[in-house]
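What follows is one structure encoded as structure tokens, with my remarks underneath.
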Amino acid sequence: MDIGCGQGRLPIGILRRLGSLNYLGLDIDKNSIQWCKKYIQNKNASFLFKHLNIHNERYNNEGVKIDNNFKFELESGSFDIVYLYSVFSHTTEHDMKIYLKEISRILNTTGMLFFTTFVENNIPNFTINPKDHHLTISGPLHVVQYEKNYLFSILKDYGFTIQNFSHKTEADGQSAVYLKK
Ligand SMILES: C[S@@+](CC[C@H](N)C(=O)[O-])C[C@H]1O[C@@H](n2cnc3c(N)ncnc32)[C@H](O)[C@@H]1O
């Protein structure tokens, strides 16, 4: 499951390198989902895409705000891997926590979670668009940054175990977090 699949970077790579598998891509950006359906799903029946009309100040300002009752319309324990590349880097802490709860529910008992966001040591716990950031901030929720120990404590609270962490190895200096349920 690829949450925030955008224009299908991951599924295009999977199809090139691994071939067919069961894949679900979700995104709050309608145009991206339409594009993925037209150019990926239509030719590859096991790759499915679905639009979620969820609010995000950067990507879907007209969407519906989520609360703790939010559920992906998916069965519990039905996924092996959940992947979010460059999504929690543009999501509020409030929304990330709701997603973490739901991701934990839909992953199976040996399920794995991968995501990227901006992570540093010895900074405030959570900052949106920090003033001293190396990127020139452009628009709302451009850079969502966590203090490393604070982020790890949230992940523990939602029942995840950290398997690996790589600092600033990803797009725009984001870090990668690899977790097990
Ligand atoms: C920077 S793009 C990354 C796209 C893709 N993951 C990639 O690596 O190419 C962020 C994507 O996350 C989506 N997004 C943002 N908030 C989301 C949310 N709450 N749920 C699902 N998708 C979200 C955006 O619409 C956008 O397509």
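What follows is calculated from the coordinates using simple rules that are stated; it is not laboratory data. Not measured: the values here are computed from a predicted model. Every residue, glycine among them, receives a Cβ derived from its backbone with ideal geometry; neighbour counts consider all protein chains shown.
Based on the Cβ-Cβ distance of Asn69 and Asn149, what FRET efficiency does E = 1/(1 + (r/R0)^6) give at R0 = 30 Å, to the nearest 0.05?
Computed FRET efficiency for Asn69 and Asn149: 0.55.
Please get the size of the charge dipole for the range 32-116, origin at its Cα centre, with Cβ charges of +1 on Lys and Arg and -1 on Asp and Glu, quoted in debye to the nearest 20.
Charge dipole, the range 32-116, about its Cα centre: 280 debye, nearest 20.
Each label point is 7 Å from the Cα along the Cα-to-Cβ direction; what then is the distance between the points at Arg17 and Gln34, in nm?
That separation, rounded to one decimal, is 3.1 nm.
Treating the beta-carbon of each Lys and Arg as +1 and of each Asp and Glu as -1, no other charges, what is the dipole magnitude of the chain about its Cα centre, to the nearest 20 debye? Before the final figure, lay out the partial values.
Details: 20 positive and 18 negative charges, 111 e Å.
That gives the chain a dipole magnitude of about 540 debye.
Got a sec to turn the phi values of the range 74-90 into Karplus ³J(HN,Hα) couplings, 6.51 cos²θ - 1.76 cosθ + 1.60 with θ = phi - 60°, whole Hz, x for Gly and Pro?
Result, rounded to whole Hz: 9, 5, 4, x, 9, 10, 8, 9, 10, 10, 9, 9, 6, 10, 5, 6, 9.
When Lys and Arg each count +1 and Asp and Glu each count -1, what net charge do the other residues less than 14 Å away from Ile14, Cβ to Cβ, add up to?
Neighbourhood net charge equals +2.
Quick one: net charge around Val143, please, counting Lys, Arg +1 and Asp, Glu -1 for every other residue with C-beta under 15 Å from its C-beta.
My count for the surroundings of Val143 gives -4.
Using the alpha-carbon centroid of each, what span in Å lies between the range 104-131 and the range 52-84?
16
Across 5 Å bins from 0, what is the distribution of all Cα-Cα pair distances for the chain, in whole percents?
Final binned percentages: 1, 8, 16, 21, 21, 18, 10, 4, 1, 0.
Using the Karplus curve 6.51 cos²θ - 1.76 cosθ + 1.60 with θ = phi - 60°, what ³J(HN,Hα) values do you get for each residue of the range 13-20, in whole Hz, with x for Gly and Pro?
x, 4, 5, 6, 9, 10, x, 6
What FRET efficiency do you get for Thr161 and Glu62 if R0 is 35 Å and r is their Cβ-Cβ distance, rounded to the nearest 0.05?
The calculated FRET efficiency here is 0.40.
Along Cα→Cβ, 7 Å out, is where each label goes; now give me the distance between the ones at Thr169 and Thr136 in nm to one decimal.
3.0
Percent relative contact order of the chain, based on C-alpha pairs within less than 8 angstrom and at least six residues apart?
Worked out over the chain, it gives 18 percent.
Which entries of Lys50/Lys148; Lys131/Lys168; Lys38/Lys180; Lys37/Lys131; Lys71/Lys131 show an alpha-carbon separation above 29 angstrom in the structure shown?
Lys50/Lys148; Lys38/Lys180; Lys37/Lys131; Lys71/Lys131
Counting only other residues whose beta carbon sits under 13 Å from that of Phe114, what net charge do I get with K and R as +1, D and E as -1?
-1
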